[in-house]
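Everything on this sheet refers to the single structure shown next.
Please treat every number below as a calculation from the coordinates, not as lab data. Bear in mind the structure is a predicted one, so any value in this text is a computation, not a measurement. Heads up, the Cβs are rebuilt from the backbone with ideal geometry, glycines too, and the neighbour counts pull from every protein chain shown.
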Amino acid sequence: MDTNVSIIILNWNGWKDTIECLESLYQINYPNYDVIVVDNASKDESIEKIREYCEGQIKVNTNFFKYQRDNKPITIFEPIKNELENTEKLRKDYEDLPSNKKLILIKNDKNYGFAEGNNIGMRYALNVLNPHYILLLNNDTVVDREFLSELIEIAKKDKKIGFTGPKIYFYDFKGRRDVIDFAGGSFNFWLGKPRHIGQYEVDNGQYDEVREISHVDGSCMLVKTKMIEKIGLLNPSYFTYWEENDWCIRGYNAGYSSFYVPKAIIWHKISASSTSLAKIYYWFRNQFFFMRQHASKLQIFTFLLYFFVFYFWFKTGTFIVYHRDLKSFKCLLKGVKDGINMA
């Protein structure tokens, strides 16, 4: 039997992106997967529109694939809140359906952020579906038909591979679909800076080798459930941003590696799920929180030196002088302050 994968998609006021992502998922060639959409208390029509899509009432128009009618209607299963943590098997009518004709929809009572929102979906998957792997996938992505098979093939090569991640293209970069956003991650602890390898480069095959990396991008990460049993879920203190860096470092410290898989391909719309002010705040808050958790004292010293002698003033000039954006500058200040003071 094929390895079972639970795919978790977090939705927050983004149903148009979500149904395009779902449609691409339901056309992949991998046969044994479960899709869980976790709605983070959306204030728009997300729940209604996702239901309408599953009923076949909304046709997805995209240049990435042809809309498929023969798997509609998609049966939706909606566990209520007090059922989310149980360990009972899903009812027989769920198990008898093929992967591309069913959807589990979890409706959160509030916005729990990226970390805890995904954790809610993962707890349900681990307790009810018993998957070999969990795939976290941003709702603002479109996937290649073979992406999941490629991720799993590499993950199976070694029991100590905890994370695998795809080659990620920008969804639309000045009309192109072959511009790289992520071809593996590296991290400089001395400066406190993560890096997307190959970002903004046109893909000419320069990143076509499977290799170990420091971290997998949070927009698409395949995670081995046996590792989760040892290191736990995402840290909800991050809320959003840097949680995948923290998770991969925790995995590495427990003896698990992260791998980049170039034949697994997705396209990402980039930051469709957050406002710029929220991103600024959480990015800087969590940067300081992450460094305090994982960097050595000497690395923290060099990071602080780099940040406050150079980078802080560069960003200050960018926000205040160039953009005349005092709100963004205040978000930076608050993020740094809160990050320093986080327990």
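Return the lysines within reach of Lys226: Cα separation strictly under 23 angstrom, same-chain partners fewer than 8 residues apart disregarded; answer none if there are no such residues. Within the straight-line limit of under 23 Å, Lys226 reaches these lysines: Lys89, Lys156, Lys157, Lys159, Lys160.
Expressed to the nearest 5 percent, the antiparallel share of DSSP beta bridges inside the chain is 45 percent.
Return the inverse of the average 1/r over all pairs of distinct C-alpha atoms in the chain, which is the Kirkwood hydrodynamic radius, in Å to one decimal.
When all Cα pairs of the chain are included, the Kirkwood radius is 20.8 Å.
The distance from the alpha carbon centre of segment 93-134 to that of segment 276-307 is 32 Å, rounded to a whole number.
Computed over the chain, the per-residue total of -39500 (n - 2.57) for DSSP H runs of n ≥ 4 gives a 222 nm mean residue ellipticity of -10000 deg cm²/dmol, rounded to 500.
Kirkwood-based Rg over Rh for segment 164-319 (C-alpha set), two decimals? Could the numbers behind the result be given before it?
On the way: Rg = 16.2 Å, Rh = 16.7 Å.
On the Cα set of segment 164-319, Rg over Rh gives 0.97.
One Cα centroid belongs to segment 1-54, the other to segment 190-226; the line between them spans 24 Å.
Here the residues Leu298, Leu137, Leu233, Leu277, ranked from fewest to most Cβ neighbours within 10 Å of their Cβ, fall in the order Leu298, Leu277, Leu233, Leu137. List the aspartates and glutamates whose alpha-carbon lies under 16 Å from that of Lys263, not counting same-chain residues fewer than 8 positions away? Result set, ordered by chain and number: Asp144, Glu146, Glu150, Glu153, Asp178, Asp181, Asp203, Asp208, Glu209, Glu212, Asp217.
If you take the Cα atoms of segment 276-341, find Rg, then find the Kirkwood Rh from the mean of 1/r over all pairs, what is Rg/Rh? Walk me through the numbers on the way to the answer.
On the way: Rg = 12.1 Å, Rh = 12.1 Å.
Using only Cα positions, Rg/Rh for segment 276-341 is 1.00.
Around the amide H of His215, modelled in the peptide plane, lie the amide H atoms of Gly185, all under 5 Å away and 5 or more residues distant in sequence or on another chain.
Excluding residues fewer than 8 places away in the same chain, name every one of the lysines whose C-alpha is closer than 22 Å to that of Lys43. Cross-link targets: Lys16, Lys81, Lys107, Lys110, Lys269, Lys279.
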